[in-house]
Structures are given as structure tokens and as C-alpha cells.
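Please read the structure below before turning to the comments.
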Amino acid sequence: MPASSSEESSLPTILVGSDVYPPFNYIGEDGAPTGIDVELAKEAFRRMGYRAEFTIIDWERKTQLLETGDIDCVWGSFTINGREDDYRWAGPYMASRQVVAVMPGSDIETIADLEGRTLAVQSTTKPEELFLTDASLPALRDLYCFEDRELIYTALGKGYVDAIAAHETAIAQYMKDYGADFRILDEEILTTGIGVAFDRDDDRQLAGQLSETLEQMRRDGTSAQIIGHYLPDAEKYLEVGQSED
């Protein structure tokens, strides 16, 4: 059974760094952090004997904050792919599709149609890296990288860019929250896993313990129950191999 408030307050604290990214992490009506990652983190760390406390960070400084010990881990829909050696990882605990979205009337139907077009992404995210480095993706006319992820949706809605790229779940959540009408392309740019990042030199063995706990939560149905509060067909988001990104 969940620990009481008094019992939880006596537990040692794990400070989790994240940014606002519905449905994974956002501020609820009560003013407290909530979302998929928040609920998963609280339950997982409770099972490990800790109390998870979330703090909003500058996402571009996440590595530095881990190195200085200002936060214990980064937990915020964070893809492992291509970053395997940058951090000490727990997970993956969910599968994620990185996709492209356009306005409903756009003539962009496939990824190849992005050739010579303009695209907006959040800076330091996987879509930014892919469109800057992956030669198999079409050459864009311009790639706009915003620190504030909300601006990518504004840029698309206002017609400043032809398309955006982000987590499919985040785009769907934005459309739901703000009544936006975007069209997500059927073809994804990457399907991968998301995990929890610790500093590479963190020797507390928390990453390994957390991986084991998250696997227990997947097997006993807790993860599916939590994800199902926010997303339909929760089980499909748990279809990620434990050895992959």
C-alpha cells in the first residue's frame, strides 16, 4: 500500500530534474507537479525507500546540473538513443515515437516531402539532433530550434514553419489541451525508448536499482495503470525491449 504522508516525508529525498512537458510532467490544478513521469517516479522511488521531489530545470543545462549534484537524475520523456554513453541510465521504461506534424491542409504527406521546407524543434532534443546529423533525412531549408517547446506549436500554427518534430504523445497532448488542429504524419522519424538519466560518475547504484523497480512495475501492471490515466492503449507504450533505447 502507498506510504502515508508522514511516512513519505521521513524518507530521504531524490531531486528529479524535468521540464514542463504534458502529459509526462506538468503543473496540475492544485499547483503540484503531475503527469506520467511524476507518478512513475514517485511510485518507483517510494518502493526503493526514497521520496521523489520534482524541480523544473533549464533543459539545456541538464547535464551540468547532474554533474554538479544540483539534481539527482533527469526524468522527463528523455530518449536514450544516441546518448547511451553520456549518462548512467535506468530503463527504458516506455516506448516513444518521434514524429512530424503539419497543418491539416499541408501538402506534406511523408518525411521525404520535408525537402527544402522549414521545421521547428525544441533545442537539445532528439529531433534537433536527427535533422542536424542524420544524412538519411531530407535536407531542410531552415531548422528552427526553440528553447521553449511551446513556441514550436505557435510557429506551426502561425505559419512561420512548415512542420514541427517532437514526441507523438506531446503533440497529441498539446492538441487536446489547446484545441489545436495538427496532422501527424504516419511515418515516424524514430521509435525508441525513454529512460531516466543519472550522472555518468554516479556510483550510488541508483540507476540499476531503478531499472529493476521499473521492470517490476511493468510486470505487476502498475506502469500500465499509471500511463492509462493519461494515454489510451497504455500497453503499446510498454512494448520496448529492456536492452534497447
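The values are calculated or read from the model by the stated rules, or taken from the named source; none is laboratory data. Not measured: the values here are computed from a predicted model. Note that each Cβ is placed from the backbone with ideal geometry, even for glycine, and that neighbours are counted across all protein chains shown. What goes into the accessible areas is simple: the full protein's heavy atoms, side chains included, and nothing from ligands, DNA or RNA. Shrake-Rupley method; radii C 1.70, N 1.55, O 1.52, S 1.80 Å.
Note on the stretch 38-98 and the stretch 104-133: Cα centroid distance 26 Å, given to the nearest whole angstrom. Between Gly179, Gly159, Gly76, the residue with the greatest mean-square fluctuation in the GNM of the chain (Cα pairs under 10 Å linked by springs) is Gly179. Per-residue Karplus couplings for the stretch 17-28, computed as 6.51 cos²θ - 1.76 cosθ + 1.60 with θ equal to phi - 60°, are listed in order as x, 7, 10, 6, 8, x, x, 7, 8, 7, 8, x Hz, Gly and Pro entered as x.
Using +1 on the beta carbon of Lys and Arg, -1 on that of Asp and Glu, and nothing else charged, what's the dipole of the chain about the Cα centre, debye to 20? Don't skip to the answer; put the middle values down first.
Values: 21 positive and 47 negative charges, 70 e Å.
Charge dipole, the chain, about its Cα centre: 340 debye, nearest 20.
Under a Gaussian network description of the chain, with springs only between Cα atoms under 10 Å, the residue in Ala180, Ala135, Ala224 that fluctuates furthest is Ala135. Placing a label point 7 Å from the Cα of Glu129 along the Cα-to-Cβ line, the residues of the stretch 75-108 whose backbone N sits under 11 Å from it are 78-87. Screening the chain for whole DSSP H helices of 27 Å or more along their axis (Cα) with average Kyte-Doolittle hydropathy at least 0.5 returns none.
When you filter the GluC sites (Glu not before Pro) in the stretch 78-142 for DSSP loop state and at most 14 other Cβ atoms inside 10 Å of their Cβ, you are left with Glu84, Glu109, Glu115. Scaled to the globular estimate 2.2 N^0.38 Å, the Cα spread of the stretch 110-195, given as radius of gyration, is 1.02. Our coupling estimate for the stretch 92-103, obtained by passing each phi through the Karplus curve with A = 6.51, B = -1.76, C = 1.60 and θ = phi - 60°, is x, 10, 8, 8, 9, 9, 8, 10, 10, 10, 9, 6 Hz, Gly and Pro reported as x. For the stretch 144-245, the set of chymotrypsin sites (Phe, Trp or Tyr not before Pro) satisfying both a DSSP loop assignment and a count of at most 15 other C-beta atoms within 10 Å is given as Tyr160.
Rg and Dmax, both from the Cα atoms of the chain and both in Å, are 18.1, 58. Helical runs assigned H by DSSP (4 residues or longer) give the chain a calculated mean residue ellipticity at 222 nm of -8500 deg cm²/dmol, each run adding -39500 (n - 2.57) before division by the residue total.
Using the heavy atoms of the protein chains alone and a 1.4 angstrom probe, what is the accessible area of the chain per residue in square angstrom?
Values: 11620 Å² over 245 residues.
I get 47 Å² per residue for the chain.
Which one of Val121, Ile111, Ala41 is farthest out on the positive end of the charge dipole of the chain, using unit charges on Cβ (Lys, Arg +1; Asp, Glu -1) and the Cα centre as origin? Result: Ala41, furthest along the dipole toward the positive end.
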